Amino acid sequence: MRLVIESNKDQVATHAAQYVVKQIKCFQPGPSRYYVLGLPTGSTPLGMYSKLVEYYKQGEISFQYVRTFNMDEYCAIPRDHPESYHSFMWNNFFKHIDIPSENVNILDGNAEDLQKECQLYEEKIKAAGGIDLFIGGVGDDGHIAFNEPGSSLVSRTRLKTLARTTVEANKRFFDGNEELVPKQALTVGVGTIMDARQVMILITGGNKAYALKMAVEEGVSHMWTVSALQQHPKVLFIVDEDATSELRVATYKYFKSLQECVEATHQYC
Ligand code: GLP
C-alpha cells in the first residue's frame, strides 16, 4: 500500500490526474490495446476529472483507446436525471474528452432484470481484459462504491440497499430531501475492485479521517469495506492533510518519508 499525503484537495486532484495520465501513457494504448479504467462518482473525484479534461484540452492525453467501467448507479431514477451517475459522468467528464461513447460502460439501474445486468457487467469487464486502474472514493463509513458496512469482501456486481447514513449523506444532491434519494443501487463488488491490477483511492476532508484510519491502521473488516484493499498488491491512497487527522503520528511520518523517497527517485510508473 502507498499513501500519498497532499496539502489540500486541489493537490490531491492534480496528483491523481497526473497519475492517471502517466499510467495511460506508460501503457501506450492503441486500436488493439485498450487501457481500462474503473471510475467513481461523488464530490471527491470532481477535481481530478476537471484536471483530466484540462490535460486533454492541452493535448497532453487522449482517451481514444481507453475503456471505462463506472463503479455504481442508482436504481429507479431515470438515466437522464441530473443526479444519476450517467449524468454525472457525462457532464463532468465524458462529454469534454475524446472517448468514444461505445467505450463507456455504466450499469443500468433501470434494467428489467437487474441481476442479469450485474452479471453481464462482470462479463463485460472480463471481456475487456479486466480493469487496469480502479479509481474510487470512500463514504464517511468507509464504503467503496456502494459496498456498505457488512458487505461481503468477496462480493461481485449486484443490487444493494443503501445504508441510512449514505442516504443521509447523499441527500445534499437531492434538494436536501431524503425522500428523493434512491434507496437502492447497482454496484461493483469489493471482489470486482480487488481484481483490478491497480486501485487508487482519493480521500479528502476531516469527515473522512476516521475512514482513512480504519482503512490503513486497523485490520481488514467488512464493516469498513475500504479496508479490504490492505490485501491488494498495488493500491495507492491519495489524501489531503485534513483526512489524516485520525492517523497516528508514526503512521503519518512513515508514509510522508516514503513519499519523499519515491518522489526523489521518480519510481512512479
Ligand atoms: C457514494 C458513492 C461512492 C463515493 C461516496 C463518497 O456513496 N457510491 O463511490 O465514494 O459517495 O462521495 P463523496 O466523494 O461525495 O464524499
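Annotation: GLN28 fulfils all but one of (1) away from the ligand (no atom under 15 Å from the Cβ); (2) at negative phi; (3) free of Cβ contacts under 8 Å to residues at least 40 places away in the same chain; the unmet one is (2). Among residues of region 39-60 that are within 16 Å of the ligand (Cβ to nearest atom), those with a Cβ under 8 angstrom from a residue that is in a helix (DSSP H, G or I) and open to solvent by 60 Å² or more (accessible area, probe 1.4 Å), sequence gap 6+ or separate chain, pair up as THR44/LYS9; GLY47/LYS9; GLY47/ASP10; LYS51/GLN18.
Which residues, counting only those in region 123-181, are among the hydrophobic types (A, V, I, L, M, F, W, C), within 12 Å of the ligand (Cβ to nearest atom) and in a loop (DSSP other than H, G, I, E, B)? Correct list: VAL138, ALA145, PHE146, LEU162, ALA163, VAL181. Can you name every residue in region 1-57 that is of a type in the set (A, V, I, L, M, F, W, C), more than 21 Å from ASP242 (Cα to Cα) and open to solvent by 40 Å² or more (accessible area, probe 1.4 Å)? Scanning region 1-57 gives CYS26, PHE27. Of the numbered criteria (1) closer than 23 Å to LEU153 by Cβ; (2) in contact with a strand residue (DSSP E or B) (Cβ under 7 Å, 6 or more places away or on another chain); (3) among the polar types (S, T, N, Q); (4) buried (at least 22 other Cβ atoms within 10 Å of the Cβ), the one GLN184 fails is (4).
Exactly one residue among ASN105, ASN92 is closer than 22 Å to GLY30 by Cβ and surrounded by 13 or more Cβ atoms within 10 Å (Cβ to Cβ), and that residue is ASN105.
Condition check ((1) over 14 Å from GLY191 (Cα atoms); (2) open to solvent by less than 60 Å² (accessible area, probe 1.4 Å); (3) modelled with pLDDT of 95 or more) across all residues:
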residue	(1), (2), (3)
HIS222	no, no, yes
SER227	no, yes, yes
GLN230	no, no, yes
LYS234	yes, no, yes
VAL239	yes, yes, yes
ALA243	yes, yes, yes
GLN259	yes, yes, no
THR265	yes, no, no
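What's the total number of residues in region 194-209 that are β-branched (Val, Ile, Thr), within 16 Å of ILE5 (Cα to Cα) and open to solvent by less than 10 Å² (accessible area, probe 1.4 Å)? Summing the residues that are β-branched (Val, Ile, Thr), within 16 Å of ILE5 (Cα to Cα) and open to solvent by less than 10 Å² (accessible area, probe 1.4 Å) in region 194-209 gives 2.
Among the residues of region 111-124, not a single one is surrounded by 17 or more Cβ atoms within 10 Å (Cβ to Cβ) and within 28 Å of VAL239 (Cα to Cα).
Taken over region 69-83, the residue count meeting the criterion of being more than 12 Å from the ligand (Cβ to nearest atom) and surrounded by fewer than 22 Cβ atoms within 10 Å (Cβ to Cβ) is 8.
Just so you know, in region 67-117 the residues that are assigned to a helix (DSSP H, G or I) and in contact (Cβ under 8 Å) with a residue 60 or more places away in the chain include one that is nearest to LEU52 (Cα to Cα), and it is ASN103.
The values are calculated or read from the model by the stated rules, or taken from the named source; none is laboratory data. Just so you know, these numbers come straight off a predicted model, no measurement behind them. A quick note on method: Cβ atoms are made from the backbone with ideal geometry, for glycine too, and the neighbour counts reach across all protein chains shown. Calculation scope for accessible area: heavy atoms of the full protein, side chains included, ligands and nucleic acids excluded. Shrake-Rupley method; radii C 1.70, N 1.55, O 1.52, S 1.80 Å.
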